[in-house]
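The values are calculated or read from the model by the stated rules, or taken from the named source; none is laboratory data. Values in this document were obtained by computation on a predicted structure and should not be read as measured data. Cβ atoms come from the backbone with ideal geometry, glycine included; neighbour counts cover every protein chain shown. The accessibility values were calculated without ligands, DNA or RNA, using every heavy atom of the protein model including side chains. Shrake-Rupley method; radii C 1.70, N 1.55, O 1.52, S 1.80 Å.
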Amino acid sequence: SLTLMTTTSAPSKLLPLGKLVLTRGVSTFIETGEIYDLPYDETPTPLILDPKWRRHWLSVCVTSHASGDWGDTCSEDAQLNDDVRANPGTGGRLMSTWHRSGFPKLWIITDDFGGPNCYTTCLWPSEY
């Protein structure tokens, strides 16, 4: 039985993440549950989960990222994120790593945080 991944409290202030983009691999996983080991591999690895669980998982990861929770990111990268968060609009990048609740490792990257071209991408590490 899977335990539902959830936040413990509502975030007090969400960071502006710009446009949200899902890579082909993440989008395919959310829609079908199939995981491709390489960005354009033709043989998916099936993961049997209800689509609601997959959407919930992605929503929690993105909302947590937007609230300044960097997930499973190492302490050095978390400090870099905190520095960028404290100085929006300087072209900095935020990155969080999520590898919990039996789901595959997900990266969430916000480029140009606080800038005019800010956007956030959800991707598998193999798609970087």
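How much accessible area does LYS105 have with a 1.4 Å probe, in Å² rounded to the nearest 10?
LYS105 has an accessible surface of roughly 90 Å² with all protein chains in place.
Would you tell me the accessible area of TRP70, worked out with a 1.4 angstrom probe on the heavy atoms of the protein chains, in Å² to the nearest 10?
Ignoring ligands and nucleic acids, TRP70 comes out at about 20 Å².
Could you state how much accessible area TRP124 has, in square angstrom rounded to the nearest 10, with a 1.4 Å probe and all protein chains kept in place?
Around 10 Å² of this residue is reachable by solvent.
Determine the distance separating the Cα centre of the range 105-128 from the Cα centre of the range 16-31; give it in Å without decimals.
Rounded to whole Å, the Cα centres lie 9 Å apart.
Using 0.36 nm times the number of residues separating LEU49 and ASN117, minus their current alpha carbon distance, what extension gain do you get?
21.0 nm
What would the Debye equation give as log₁₀ I(q)/I(0) for the range 56-128 at q = 0.12, 0.21, 0.24, 0.25 Å⁻¹, counting only Cα atoms as equal point scatterers?
-0.29, -0.88, -1.11, -1.19
Can you compute the modelled spin-label distance between SER27 and SER67, with each label point 7 Å from Cα toward Cβ, in nm?
Here the modelled spin labels are 2.8 nm apart.
Whenever you get a sec, line up HIS99, HIS65 from highest to lowest accessible area (probe 1.4 Å, protein heavy atoms).
Output order, biggest surface exposure first: HIS99, HIS65.
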